[in-house]
Each structure stands twice: as structure tokens, then as C-alpha cells.
């Protein structure tokens, strides 16, 4: 699976869609995702997309660089690995 991408400018994305005349359904079709994905991003019910390609296509459709709206999401499992490692270091110290 690819890198999850976190939306960091929800209001700006919504505004840009309106100015460019993109509906949620049309953008979803272009970005190769379910319309609910766009709905959820814009409503704040979700903050990330599972595929980096989805984020890339959203930005491509709206003529903005990827990093304006999305950043790579650090996985929680990576964070848990770091936490476990830190706990082991404390225990052995």
C-alpha cells in the first residue's frame, strides 16, 4: 500500500473547488476515488487519503502543487515502534 496523505488545507481545497467549478463527484471521478472520499475530506470526517496518487490527482485537477494541500502522514505503527524502542531503552538503563 502507498503512503497515506494528510489534508492540511481543507477550507482552501473547498474554496478552490468552487472557483474552478469542480463538484465533489467530478473531482472524485478525476482522482479515481469514491465520491464519499471527497465528501469526507471536505466535511472533516476524515483527514487523509489512503493513496498518494489520489492526493496527486486532486491537486492536479485543481492546478496546485501537492504540498499545498497534502503532506505524508506518519503511520501510527511507526510511532508505536519508536515508543516501544524508547521504553526498552528506559528499562535497560
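Bear in mind that the values in this text are calculations on the coordinates, not laboratory data. Fair warning: this is a prediction, and the values are worked out from it, not measured in the lab. Reconstructed Cβ throughout: ideal geometry from the backbone, glycine too, with neighbour counts over all protein chains shown.
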Per 5 Å bin, what percent of the C-alpha pairs of segment 1-42 does each bin hold, from zero upward? 5, 23, 29, 30, 10, 3, 1
Residue exposure sequence - 11, 39 - by fewest surrounding Cβ within 10 Å: 11, 39
Report the semi-axes of the equivalent ellipsoid for segment 16-79 in whole Å, largest first, where each axis is √(5λ) for an eigenvalue λ of the Cα gyration tensor. 21, 13, 10
Where does each of 37, 54 land when they are ranked from fewest to most other beta-carbon atoms within 10 angstrom? 37, 54
Sequence of 66, 57, 41 once ranked by neighbouring C-beta atoms within 10 Å, starting from the fewest: 66, 57, 41
